[in-house]
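S.K.: Next up is a structure, given as structure tokens.
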């Protein structure tokens with residue numbers, strides 16, 4: 001089933017706890033994605049994958065399934081077109097990746113209106129820098145951010161504008177990235193660093209990705225459900241702009 005246009009009525013998309021193919025578009029650009037929204041939903045988490053990856057990232061899909069079971073919707077999408085992805089430099093272009101995440105956020109909010117579900121970002125590697133950058137730009141429109149093996153040091157924009165509580169998840173054996181995250185921690189308001197024992201950068205060691213998913217689930221459930229139960233804390237993108 002394909003849900004393509006902003007403002008779509010999900011009443012005709014049955015069983016929203018299943019995955020549905022969507023196309024995120026601004027009229028010219030078309031970015032394919034996979035959307036799943038449980039009913040009822042506490043909120044929706046948008047995924048920003050790392051360099052060289054796509055919406056088919058098995059690690060992100062594994063995390064998304066854990067979030068879905070906890071009552072959180074998920075949107076995994078390609079931040080780049082196939083032509084753009086062929087140019088390796090684009091996969092490290094944080095302003096470009098951040099702009100695509102902002103586009104997807106606006107598309108999703110338009111599509112889900114009038115639900116106004118709280119939104120979160122899950123970013124991996126360079127995608128985490130894009131997630132933090134986009135959250136700085138969107139302010140209170142984003143309720144929480146989780147970074148998996150991320151590079152917050154590459155984030156663009158004024159970090160003082162970051163309103164979303166941010167969880168940094170880093171493997172204990174990922175020495176360089178761990179040091180970068182430790183250095184950035186004081187600059188990120190409402191942030192927390194959680195070190196996953198025995199994990200390297202890709203969290204390929206047995207049980208480490210499961211631990212990442214559990215930490216991410218708890219972070220999003222706590223912060224998104226708090227926003228959902230206090231509607232006065234939410235502002236739509238129309239109010240923010």
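The values are calculated or read from the model by the stated rules, or taken from the named source; none is laboratory data. Fair warning: this is a prediction, and the values are worked out from it, not measured in the lab. Glycine also receives a Cβ, built like all others from the backbone with ideal geometry; neighbour counts cover every protein chain displayed.
S.K.: Tell me the residue from 193, 188 that is surrounded by 16 or more Cβ atoms within 10 Å (Cβ to Cβ) and modelled with pLDDT of 95 or more, please. Write out each step before concluding.
M.R.: Working: 188 fails: modelled with pLDDT of 95 or more.
The match here is 193.
S.K.: Sticking with this one: Quick check on my filter: what residues within region 4-40 are outside any loop (DSSP other than H, G, I, E, B), out of contact with any helix residue (DSSP H, G or I) (no Cβ under 6 Å at 6 or more places or on another chain) and either at pLDDT below 90 or over 17 Å from residue 80 (Cβ atoms) (or both)? Show your work before the answer.
M.R.: Within region 4-40, the subset outside any loop (DSSP other than H, G, I, E, B) is 10-12, 20-25, 30-36.
If we keep only those that are out of contact with any helix residue (DSSP H, G or I) (no Cβ under 6 Å at 6 or more places or on another chain) too, we end up with 10-12, 20-23, 25, 30-35.
Matches in region 4-40: 10, 11, 12, 20, 21, 35.
S.K.: Which residues, taken from region 173-218, are in contact with a helix residue (DSSP H, G or I) (Cβ under 7 Å, 6 or more places away or on another chain) and in a loop (DSSP other than H, G, I, E, B)?
M.R.: Hits for region 173-218 are 188, 198, 199, 201, 203.
S.K.: Still on this structure, please answer the following. Limited to region 204-241, what total is found for residues that are at pLDDT below 95 and under 19 Å from the mean Cα position of the chain (by Cα)?
M.R.: 8
S.K.: A further question on this structure: Evaluate region 41-52: report whether one residue or more is surrounded by fewer than 24 Cβ atoms within 10 Å (Cβ to Cβ), at pLDDT below 90, within 15 Å of the chain's Cα centre (by Cα) and part of a loop (DSSP other than H, G, I, E, B).
M.R.: yes
S.K.: Right, another one. Do we find that residue 75 is within 12 Å of the chain's Cα centre (by Cα), in a loop (DSSP other than H, G, I, E, B) and either surrounded by fewer than 16 Cβ atoms within 10 Å (Cβ to Cβ) or in contact (Cβ under 8 Å) with a residue 40 or more places away in the chain (or both) in this structure?
M.R.: Numbers: within 12 Å of the chain's Cα centre (by Cα): yes; in a loop (DSSP other than H, G, I, E, B): no; either surrounded by fewer than 16 Cβ atoms within 10 Å (Cβ to Cβ) or in contact (Cβ under 8 Å) with a residue 40 or more places away in the chain (or both): yes.
Spelling it out, it is not the case that residue 75 is within 12 Å of the chain's Cα centre (by Cα), in a loop (DSSP other than H, G, I, E, B) and either surrounded by fewer than 16 Cβ atoms within 10 Å (Cβ to Cβ) or in contact (Cβ under 8 Å) with a residue 40 or more places away in the chain (or both).
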